[in-house]
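Here is the structure we will look at.
The values are calculated or read from the model by the stated rules, or taken from the named source; none is laboratory data. Values in this document were obtained by computation on a predicted structure and should not be read as measured data. Counting neighbours? That spans all protein chains shown, and the Cβs are built from the backbone with ideal geometry, glycine included. Ligands, DNA and RNA are stripped out before the accessible areas are found, and what is left, the full protein with its side chains, is counted by its heavy atoms. Shrake-Rupley method; radii C 1.70, N 1.55, O 1.52, S 1.80 Å.
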Amino acid sequence: MKLGAKPSFFVLWYNVRMTINRREFVSLTLGSVAAAMAAPAVAEAGEKPLLKIAVMSDVQGYPFPEDAGMRNLERALDVLAPLKPDVVVTNGDINNSGNDMDAVRWYKARCDVRLGKIPHVSCAGNHEIGFIHKDQKDVRTPAACVADFNSVFGEGPSPLVHRVIGGYDFIALSLLSVSGFSADDLKPLGAALDRAVARDAKKPIFVMTHYHPADTVNDSSHGVKSRGGLLRELLNRYPQVVNISGHTHNPLQDPRSIWQGEFTVVDTSTLCYGCLGGNPPANNQISCLIPYGHESVGCLLLEVYADRLVFRRFTARDRRELDPEKPWTMALPYDPKHPQFDFVSRAAATPAPQLPKDAEPTLWYDYGLIYMMFAAAVDPTSVCSYRIEIAEKGGVTKSYFVIADYYRIPEHRQNRIVFRFPPKATRPGGKYHCRIFPVGFFGAEGKPCEWDFDIRADYPETEFIPNCMQE
């Protein structure tokens, strides 16, 4: 807020809301403190990082404590606050409507309360500039939305923010179009990268964008020049870059959420709902949404040492660190000739997932629908999906996918996978041979479970597939 300006409606409303609902707010905060006491602790002994960077993204929230995104924010802060980060990086889509920055102010206020007033480096995403409520009369341009977004974090109106914090360069580039970055949009980023390299060519440069550079981490392979292709071409020239980007809502449990080639990319995941790409979507998806995707939300803490970067991953829903004994660790300075997280070498080193010896496939008839059930993979964290191949004897073969639940809270994972036959997958009286393949994250398929089944001739198949929101 500028000096002498009147308080915004948000500030007045925030103060009144916190007075009226003090009991509710205190209850939420006390719950967060209690959870924080159980959060992973920082090891006091041994080498300490030079800098600790908290990473959160894609809250897609509204400014009230009951909002799902804001509740997940509090859970993420439960994890991050005891770790005492030095800087917060946010990769856009904090709010759900570009013409309304109250959610961004709420986010900043809660971070300040829980983490202290440490520096923020943030970029606006497609929700900040492109999702405008139709009933709002003051519809602004994307540039105006970016300026408003930046003002919350004490920055000027430029889409590019460049700061040196703790001796390291942080560069954030906000979107000015939901289609992605144009060549003109990227010119300031190229100049900022040149300045950072001139300042210190050996240190990593942290570059924050909402969209991923194309063909890097999972679901970045849009191949669209305007979305991530031009960004990729630019960053290819700077091996020092560690790009931190979001948008896709992929789970941090997915090993494809980190990539190395000419430079390094890490996916931020989300604090709203989980997604996975696919064309067409898997059988158990609605659009790109994954079932029980609220359990996949997470955040990161990057620990910077002189000779390495350590990426610590956390699930927000149950406040748990993923693989605490084996965090993603990259050597510094980065040498593109010897990547540690490229997909090719990791695919070669990762065994295919396997089903148990007896997967016990079963058919279940229910009100015109047919379901197939079978045992989950032996290691549920090794399987990304299941490919189900159904071949009518003497006829065509059809393939379907089911997203595995590797991202769910461990005690919530299913011992048996349920596949609902889509319309026309089979026909009454048909005879079929089925193969079920567990599919790994890098595409390797394990040994299939094979079985034969017949569809009852008198079964009244329905074409109605109930479609409802997934929890």
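Annotations
- The residue pairs whose first member lies in the range 402-423 and is under 16 Å from ASP254 (Cα atoms), whose second member is of a type in the set (Phe, Trp, Tyr) and open to solvent by 50 Å² or more (accessible area, probe 1.4 Å), and whose beta carbons are closer than 6 Å, counting only pairs six or more residues apart or on different chains, are ARG408/TYR292.
- Selection status of ARG408, of a type in the set (Lys, Arg) and under 31 Å from the mean Cα position of the chain (by Cα): yes
- Residues satisfying the stated conditions in the range 306-321, i.e. farther than 16 Å from ALA81 by Cα and surrounded by fewer than 18 Cβ atoms within 10 Å (Cβ to Cβ): ALA306, ASP307, ARG308, VAL310
- Per-region count, the range 226-258, residues open to solvent by less than 10 Å² (accessible area, probe 1.4 Å) and under 28 Å from THR315 (Cα atoms): 14
- Screening ILE370 with (1) surrounded by 14 or more Cβ atoms within 10 Å (Cβ to Cβ); (2) in contact with a strand residue (DSSP E or B) (Cβ under 6 Å, 6 or more places away or on another chain); (3) not basic (Lys, Arg) gives one miss only, at (2).
- Some residue of the range 416-438 being open to solvent by 60 Å² or more (accessible area, probe 1.4 Å), assigned to a helix (DSSP H, G or I) and either among the hydrophobic types (A, V, I, L, M, F, W, C) or more than 19 Å from ASN283 (Cα to Cα) (or both): no
- Criterion applied to PHE170, PHE181, PHE153 was being among the aromatic types (Phe, Trp, Tyr) and open to solvent by 10 Å² or more (accessible area, probe 1.4 Å), and the one residue passing it is PHE153.
- Odd one out for TYR386, checked against (1) part of a strand (DSSP E or B); (2) open to solvent by 10 Å² or more (accessible area, probe 1.4 Å): (2)
- Among (1) surrounded by fewer than 18 Cβ atoms within 10 Å (Cβ to Cβ); (2) more than 28 Å from THR216 (Cβ to Cβ), the one test that ASP335 misses: (2)
- Being polar (S, T, N, Q) and modelled with pLDDT under 95 is a description that does not apply to ASN150.
- Within the range 259-275, tally of residues that are surrounded by 24 or more Cβ atoms within 10 Å (Cβ to Cβ), closer than 25 Å to ALA349 by Cβ and under 19 Å from the mean Cα position of the chain (by Cα): 6
- Count of residues meeting criterion [part of a loop (DSSP other than H, G, I, E, B) and either open to solvent by 60 Å² or more (accessible area, probe 1.4 Å) or out of contact with any strand residue (DSSP E or B) (no Cβ under 6 Å at 6 or more places or on another chain) (or both)] in the range 439-458: 10
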